[in-house]
1. Can you give me the number of residues within segment 275-328 that are in contact with a Leu (Cβ under 8 Å, 6 or more places away or on another chain), part of a loop (DSSP other than H, G, I, E, B) and modelled with pLDDT under 95?
2. From ASN369, ASN351, which residue is modelled with pLDDT under 95 and more than 30 Å from ALA227 (Cα to Cα)?
3. Give all pairs with beta carbons closer than 9 Å in which a residue from segment 94-115 that is part of a helix (DSSP H, G or I) meets a residue that is among the basic types (Lys, Arg); count only pairs at least 6 apart in sequence or on separate chains.
4. Go through segment 45-88 and give me each residue that's among the charged types (D, E, K, R), crowded, with 20+ Cβ neighbours inside 10 Å and not in a helix (DSSP H, G or I).
Amino acid sequence: MMENASDTLDRKERLNRLRLIRSENVGPITYRQLMARYASAGEALDALPRLARRGGRRRAIVLCSETEAMSELETLEKAGGKLVILGEETFPSPLGAIEDCPPVLQCIGHLHLLQQPTVAIVGTRNASTNGRRMADRFARAIGEAGFTIASGMARGIDAAAHSGSLDTGSIAVLAGGVDNIYPKDNTDLYRELASRGLLVSEVPFGTVPQARHFPRRNRIISGLSRATLVIEAQLKSGSLITARLAADQGREVMALPGSPLDARARGTNDLIRKGALLVETPDEAIEALRAIPASQMEEPSLQPPLPFAGDSEESPEMDRLRTRLREALTPSPTELDALIRDLDAAPGKVNALILELELAGEVERLPGNLVVRVIAADDAGS
């Protein structure tokens with residue numbers, strides 16, 4: 001369940017929440033588990049070394065220091081940016097409702113856009129002239145109908161969608177830091193978005209985007225949005241990842257059909273074949289958006305974290321369960337509910353042990369209540 005939003009968290013708690021997500025082995029889902037278990041981020045930070053040791057960690061877990069967190073905040077603020085944190089009213093509730101929601105967002109631009117109903121428009125970088133024209137046309141019309149447009153500031157369809165929505169509201173979600181202009185040929189667009197729209201990133205200021213950052217960026221684009229519209233996409237493309245994530249998050253997926261002779265239409269046509277809503281005009285898209293139930297527009301459902309069995313002190317029983325848990329896990333994703341049934345153990349105890357193994361670097365928790373075993377070089381004894 002989402003944390004109760006407040007006008008703002010106190011400065012110490014804001015800093016500790018930033019420190020928590022920037023600490024080693026703490027990802028978005030682990031962060032949420034920790035915040036469900038402890039009364040504050042400060043308490044969670046204090047518990048990390050102990051929990052990691054119980055999970056089998058051989059060296060000290062690296063915590064983000066107060067100095068590092070302060071430096072990140074000050075650098076962002078000097079650039080005219082602000083940090084938006086899960087639990088504050090300024091944090092967008094649709095994004096907060098996804099399981100692997102980023103706990104912090106670095107933002108440059110107009111924060112009020114995070115509170116507007118949002119639609120993602122994405123597509124291929126190698127867009128056709130007609131594709132770019134349609135992206136601009138759809139973005140303008142949907143924006144004039146009262147929706148903010150979100151995209152990834154890539155070449156092609158993304159750039160056209162942003163250009164078409166600058167007057168009505170445009171959010172660019174970046175794979176690198178909010179100061180990193182990528183690609184460089186979108187420098188003018190970046191400046192327009194910083195001035196008239198909003199730039200958003202979950203990674204620290206100064207981060208250069210790497211390949212692994214883009215799929216994670218895509219979940220934010222879809223998570224911010226009530227629906228995702230795909231305009232031109234090849235069968236293997238990041239745009240289809242965004243569409244899949246949107247469907248997994250319970251959001252509407254729409255696609256513009258294209259010629260079967262154009263490889264850039266194969267992805268969109270395949271989405272339609274698999275159940276995405278076919279739209280050919282902006283009016284059709286707007287009609288579909290207005291038909292989405294108000295409850296879904298406000299805040300999609302999110303399953304609350306599993307309970308914990310208190311602070312699991314060392315005991316022969318917990319040691320045996322930890323050993324059995326390690327044996328049951330594989331590098332292939334396993335459903336947590338199935339794991340609990342197989343172990344015939346209390347959910348709270350299993351959840352507590354998984355958290356310890358996560359912080360030790362042995363386990364990773366994935367969206368969909370899945371867990372995988374991770375072979376960490378420093379902890380594998382090799």
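1. 3
2. One residue alone meets the criteria, ASN351.
3. Correct list of pairs: PRO94/ARG226; PRO94/ARG251; LEU111/LYS82.
4. Correct list: ARG57 only.
The values are calculated or read from the model by the stated rules, or taken from the named source; none is laboratory data. These numbers come from a predicted model, not from an experiment. Every residue, glycine among them, receives a Cβ derived from its backbone with ideal geometry; neighbour counts consider all protein chains shown.
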